[in-house]
Every structure is written in structure tokens, then in C-alpha cells.
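Asks: Quick one: the structure is below, and I'll ask about it shortly.
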Amino acid sequence: MFANNRIVSIIDDDPSTTLFFSEALKGFTGITVVDFTDPILALEHFQKYDYAYVLVICDFKMAGMDGMRLLKNIKEANRFVRTILITAAFRMDDNLLREYTKNKIINGFVQKPIALHDFLKEVDTQLSYYENQKKFVPIG
């Protein structure tokens with residue numbers, strides 16, 4: 001169903017943000033970008049296609065389910081998928097944020113307002129990390 005079975009998902013309750021990121025990622029080859037404005041629908045899609053996901057990019061504050069809770073659910077289902085949290089207020093003094101970063105539930109951050117170059121660089125970093133980690137996964 002998805003090109004090369006590599007899905008990158010963008011989740012933000014602002015449709016203009018998901019559109020902007022989706023358009024920005026068109027330059028990456030070998031991925032299919034899916035976007036959601038509803039985190040519950042995004043989680044349902046992930047649960048159906050978790051094997052194909054390589055990266056989930058989501059906003060911190062969303063109606064229905066916040067980004068950190070969504071990423072925790074995703075990582076519990078597939079520990080290999082990479083995650084980027086988008087936030088307007090980056091606060092490493094937040095204990096939960098520190099814990100999620102330490103436990104690799106959150107792999108990267110992008111802070112609003114977002115410079116396109118910084119966003120694309122972080123996506124490239126996470127996709128590269130995903131590919132590299134596959135090389136070291138024991139078989140069997």
C-alpha cells in the first residue's frame with residue numbers, strides 16, 4: 001500500500017501546519033507522507049501499519065491527546081520508529097519531557113516558529129538513524 005513500506009506521519013491539529021510539513025517532505029525519496037489533524041485517527045493508522053512507520057512527527061499540544069502521550073503509545077507498539085516532537089515552548093525542566101527524552105520515547109525536537117532548514121535537517125537525522133539502527137538489530 002505504501003511506497004517502499006516507509007511511512008512518515010505528521011500530526012498537528014492545525015491543517016496548515018500538516019500541509020506545510022507534507023509539502024516540505026516531498027523532496028525525500030522512498031517515503032510516503034501521511035498527515036493527520038486528529039491524534040486519535042493518527043494512532044489508529046499507526047496501529048494498523050506500525051511495521052511500515054519510520055518516523056512520527058507530532059505537535060506537543062493537540063485536542064484529544066497530547067503529543068507526548070501519543071508518542072508514548074507509538075513507542076510502546078514499535079520501539080524502532082523515530083519520533084520528533086514539535087513544541088512552541090521547549091522546556092527541558094519539565095520532568096516528564098526529560099524522562100521521555102532519556103527513555104528515547106522522544107528522539108528529536110523542533111521548536112516553533114520552525115525554520116524549514118532546521119526541520120528538514122532533523123527529519124534527515126532521524127531517518128538516517130532509523131536506517132543505521134536496522135543494521136544492528138539481531139536477527140532471530
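The values are calculated or read from the model by the stated rules, or taken from the named source; none is laboratory data. Predicted model, so just to flag it, every value in this text is computed and none were measured. With ideal geometry, Cβ positions are generated from the backbone for all residues, glycine too; neighbour counts draw on all protein chains shown.
Asks: Is there a residue in segment 121-134 that is over 21 Å from residue 27 (Cβ atoms) and touching a residue at least 24 places away in the same chain (Cβ under 8 Å)?
Replies: The answer is yes; a qualifying residue exists.
Asks: Please pick out the residue among 20, 60, 80 that is among the aromatic types (Phe, Trp, Tyr), farther than 21 Å from residue 132 by Cα and within 12 Å of the chain's Cα centre (by Cα).
Replies: Only one candidate passes the filter, namely 60.
Asks: Conditions: (1) among the hydrophobic types (A, V, I, L, M, F, W, C); (2) surrounded by fewer than 20 Cβ atoms within 10 Å (Cβ to Cβ); (3) within 25 Å of residue 97 (Cα to Cα); (4) touching a Leu at 6+ places or on another chain (Cβ under 7 Å). Residue 24 meets all but one. Number of the miss?
Replies: (3)
Asks: With the structure loaded, tell me whether residue 41 is buried (at least 21 other Cβ atoms within 10 Å of the Cβ), of a type in the set (A, V, I, L, M) and either under 10 Å from the mean Cα position of the chain (by Cα) or at pLDDT 95 or above (or both) or whether it fails that test.
Replies: Criteria not met by residue 41.
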